[in-house]
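Remarks on the structure that follows.
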Amino acid sequence: MASSIEKPFSGRTAVISGGLGDIGRAIARALAERGASVSLGDLQPESEATEFLQSLQMCGVNAIYYTVDASKADQVRNWIDDCEKRIGAPDIIIANAATVTLATLQELTVEQWDAELRVNLNGPFYLGKIAAGKLVAGKRQGHMVVIGSWAAHVVHAHIPAYSVSKAGLRMLAQCLALELAPHGILVNEIAPGYVDAGLSAKIWATNPELREQAASKVPVRRLISPDEVAAEVVHLCRRENRHITGTTLLMDGGLSLGEA
Ligand SMILES: NC(=O)c1ccc[n+]([C@@H]2O[C@H](COP(=O)([O-])OP(=O)(O)OC[C@H]3O[C@@H](n4cnc5c(N)ncnc54)[C@H](O)[C@@H]3O)[C@@H](O)[C@H]2O)c1
């Protein structure tokens, strides 16, 4: 229950792209329960957000929604401006929106490649540039987390555009981390393996046997929950974190180590 949790994030404001997705919602809930106001941005119409926003507002925080295509810089700028006007300039920036196309490089169309890179890589750049830019201009400190993937460093030939975009995202996070460190803005990546929700769950919904295969492949023999990802976002964005920056927090249950 919200009331039984301390409120170490009160006075802070978070923006979360892809905020109506499974991991986005878990992050929003975890931050709101700890006292942060949140602005969720997603492609979906506002009506899709109503019930979820009400549940966040029960935590005693501001929770608002903005329909935004995170791959369009002008829309991201409008979203961040709206957030600043309504609930304050964000000091927690979560680049979480992403898409995945199940197609090899031979199968993938040029349009699919471009679209995926725009959402998964350009989107986090726009969010980092615009939202962190406001923090720098206002001489305020903050935290940014990008949701990456173990596919950034282990070849995923069945989802190559995704794999490449996440590899680029890792370097983007490191470049942002170095540039923003003197301003007291810390930037990190969380790289999950198989989460039992969201993008993976959509693939597993049509191929249920793939879910079992995935779970048995993970050395710790279990899948990750969105709440576990959200707990690490909380960890990296807490006020006390003044040194962890430019890192990748790999939470893949040992997948990257090979077979166990
Ligand atoms: N599910 C997994 O196994 C897994 C593993 C590793 C990393 N991740 C990462 O976690 C993050 C969240 O994914 P998820 O699994 O919760 O999937 P999800 O599909 O539940 O959430 C993604 C959200 O992003 C939104 N979105 C897509 N394109 C957008 C755009 N152009 N503008 C704004 N919003 C857009 C979608 O509408 C959706 O609500 C992604 O970055 C994904 O790569 C997921």
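Got a number for carbon plus sulfur as a percent of the range 163-243's accessible area, 1.4 Å probe? Accessible surface attributable to carbon and sulfur in the range 163-243 totals 58 percent.
Restriction of the trypsin sites (Lys or Arg not before Pro) in the range 1-108 to DSSP coil positions whose beta-carbon has at most 16 other beta-carbons within 10 angstrom yields 72.
Averaging the sequence gap over all C-alpha pairs within less than 8 Å and six or more residues apart, then dividing by the number of residues, gives the chain a relative contact order of 19 percent. Specify the inter-centroid distance of the range 91-160 and the range 203-260, based on alpha-carbon positions, in whole Å. Centre-to-centre (Cα) distance: 17 Å.
What you get for the chain, charging only the Cβ of Lys and Arg (+1) and of Asp and Glu (-1), is a dipole of about 840 debye around the Cα centre.
Once both labels are positioned 7 Å from their Cα atoms along Cα-to-Cβ, the gap between residue 158 and residue 57 label points is 4.3 nm. For the set 251, 171, solvent exposure ranked by accessible area (probe 1.4 Å, protein chains only) runs largest to smallest as 171, 251. About the centre of its Cα atoms, the range 211-260 shows a dipole size close to 100 debye [charges on the beta carbon of Lys, Arg (+1) and Asp, Glu (-1) only; nearest 20 debye]. When 143, 183 are compared by accessible surface with a 1.4 Å probe, the order from highest to lowest is 183, 143. Placing R0 at 22 angstrom, the Cβ-Cβ distance between residue 105 and residue 259 gives a FRET efficiency of 0.30 after rounding to 0.05. Projecting the Cα atoms of 131, 71, 153 onto the charge dipole of the chain (Cβ charges, centred on the Cα centre) puts 131 farthest toward the positive pole. What the Cβ-Cβ distance of residue 179 and residue 225 gives, at R0 = 35 Å and to the nearest 0.05, is a FRET efficiency of 0.60.
In the full protein context, the chain carries 47 Å² of accessible surface per residue, based on a 1.4 Å probe and ignoring ligands, DNA and RNA. Above 28 angstrom, tally the Cα pairs of the chain and express them as a % of all pairs, no decimals. The answer is 30 percent, as a whole percent. Simple rule: put +1 on each Lys or Arg Cβ and -1 on each Asp or Glu Cβ in the chain, find the dipole, and look at 60, 99, 167; the Cα lying farthest toward the positive end is 60.
The values are calculated or read from the model by the stated rules, or taken from the named source; none is laboratory data. Quick caveat, the model's predicted, so the values are computed rather than measured. A quick note on method: Cβ atoms are made from the backbone with ideal geometry, for glycine too, and the neighbour counts reach across all protein chains shown. Surface accessibility is based on the protein's heavy atoms, side chains included, excluding ligands, DNA and RNA. Shrake-Rupley method; radii C 1.70, N 1.55, O 1.52, S 1.80 Å.
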